[in-house]
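Taking it in order: structure first as C-alpha cells, then the write-up.
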Amino acid sequence: MSGILINEVKTSKKAIAITFDDGPNPVYTPQVLEIFSEHGSKATFFMIGEQINAHPDMARRAAEQGHEIGNHTYSHAKLSELNRQDCVKEIARNEVITEKITGQKPVVFRPPYLDYSEETESVIQEKGYPMIGALNLGARDWEQPGADFIFNETVKWAGNGSILIFHDGYGDRSQTIEAVRKLVPELKAQNYELVTVSELLRLSGC
C-alpha cells in the first residue's frame with residue numbers, strides 16, 4: 001500500500017464499490033440493506049466500534065447478508081491528533097469488537113474525516129490495511145444538501161473501479177437513503193456490478 005488514500009482502482013470490469021460510514025444505525029442501516037438486497041448487490045460498511053457495541057444485531061445482520069465490514073476506528077477519533085499508542089488502540093479495539101460480533105476481522109480501513117498523518121500511515125501500513133478514500137466527496141451527503149444533489153454529484157463519478165462514499169450513521173440520513181435508492185438501480189441499469197471494497201481491490205490486484 002502506498003501512503004495515499006485509494007479512491008478508485010484500475011480495472012476493465014464494470015464494477016463499483018459503494019461504501020457507508022459511521023454505522024451501524026438502527027434506522028438507516030436496515031434501509032440500506034433492503035436496497036442492496038432488492039438489487040442483489042453488496043456494499044462495504046465502515047463501522048465505528050462504539051456503534052457496533054450499541055447495535056450488535058445490526059452489524060451481524062449486515063455481515064450475514066454478505067456485506068463487508070471495514071474498520072473506521074472505535075470512537076471516530078481524529079487520528080492525526082493522537083499519539084501512536086492511542087492510534088493503534090483505536091484501530092485494534094475496532095478489530096476486536098467487529099470480529100467478536102460479526103465473525104469477520106476487518107481487512108480494509110477508512111480514517112475518520114479522511115484525516116491522517118505520517119504516523120497514522122505508518123500504523124495502518126504495519127497493520128496491513130489498504131486505506132480507502134472515495135471519489136464523490138463533492139456530494140457531501142453528511143451535510144444533507146438534498147437527495148438530488150447527492151445523486152447528481154455521485155453519478156458523474158461512476159466508472160470502472162470507482163469507490164463511492166455515503167453515511168448511514170450519526171444524524172438524519174434520510175436524504176442519503178433517498179439518493180442511494182435512486183443510485184443503485186441507475187448503476188445496475190448501466191450494467192455495473194456493485195461489489196465490496198475487497199472484491200474491487202482484488203480486481204486490480206491491489
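The values are calculated or read from the model by the stated rules, or taken from the named source; none is laboratory data. Just so it is clear, the model here is predicted, and its values are computed rather than measured. We place every Cβ from the backbone using ideal geometry, glycine too, and count neighbours over all the protein chains shown. Each accessible area value is taken on the protein alone, full model and side chains, heavy atoms only, with ligands, DNA and RNA left out. Shrake-Rupley method; radii C 1.70, N 1.55, O 1.52, S 1.80 Å.
Residue check: Pro145 meets all listed conditions (1) farther than 24 Å from Ala63 by Cβ; (2) free of Cβ contacts under 8 Å to residues at least 60 places away in the same chain; (3) assigned to a helix (DSSP H, G or I) but one, namely (3).
Kindly check whether there is at least one residue in region 65-72 that is farther than 26 Å from Tyr192 by Cα and either of a type in the set (D, E, K, R) or part of a helix (DSSP H, G or I) (or both). No, there is no match, as no residue in region 65-72 is farther than 26 Å from Tyr192 by Cα and either of a type in the set (D, E, K, R) or part of a helix (DSSP H, G or I) (or both). Answer yes or no: is there a residue in region 115-127 that is closer than 24 Å to Met58 by Cβ and open to solvent by less than 40 Å² (accessible area, probe 1.4 Å). No, that holds for no residue. Can you tell me which residue is nearest to His76 (Cα to Cα) among those in region 18-49 that are of a type in the set (Gly, Ala, Ser) and not in a helix (DSSP H, G or I)? Taking the candidates together, the pick is Gly23.
Right, Ile35: out of contact with any helix residue (DSSP H, G or I) (no Cβ under 7 Å at 6 or more places or on another chain), at pLDDT 95 or above, open to solvent by less than 10 Å² (accessible area, probe 1.4 Å) and among the aliphatic types (A, V, I, L, M) or not? For Ile35, the condition - out of contact with any helix residue (DSSP H, G or I) (no Cβ under 7 Å at 6 or more places or on another chain), at pLDDT 95 or above, open to solvent by less than 10 Å² (accessible area, probe 1.4 Å) and among the aliphatic types (A, V, I, L, M) - is not met. In the set (1) surrounded by fewer than 17 Cβ atoms within 10 Å (Cβ to Cβ); (2) part of a helix (DSSP H, G or I); (3) in contact (Cβ under 8 Å) with a residue 40 or more places away in the chain, Gly159 fails one condition alone, (2). Screening Tyr116, Tyr74 for residues that are modelled with pLDDT of 95 or more and among the aromatic types (Phe, Trp, Tyr) leaves exactly one candidate, Tyr74.
Apart from one condition, Gly133 fits all of (1) touching a His at 6+ places or on another chain (Cβ under 8 Å); (2) open to solvent by less than 10 Å² (accessible area, probe 1.4 Å); the exception is (1). The residues on offer are Leu33, Leu79, and the sole one that is closer than 21 Å to Ser117 by Cα and touching a residue at least 24 places away in the same chain (Cβ under 8 Å) is Leu79. The residues listed here are Arg181, Arg202; of these, the one that is open to solvent by 20 Å² or more (accessible area, probe 1.4 Å) and either outside any helix (DSSP H, G or I) or within 23 Å of Pro26 (Cβ to Cβ) (or both) is Arg181.
Can you name the residue in region 62-104 that is on the phi > 0 side of the Ramachandran plot and in contact with a helix residue (DSSP H, G or I) (Cβ under 6 Å, 6 or more places away or on another chain) and, of all such residues, is most open to solvent (accessible area, probe 1.4 Å)? Step through it out loud before you land on a result.
Just the residues of region 62-104 that are on the phi > 0 side of the Ramachandran plot, to begin with: 66, 73, 76, 103.
Applying the additional criterion that residues be in contact with a helix residue (DSSP H, G or I) (Cβ under 6 Å, 6 or more places away or on another chain) yields 73, 76.
Working: Thr73: 0, His76: 27 Å².
Only one residue fits best here, namely His76.
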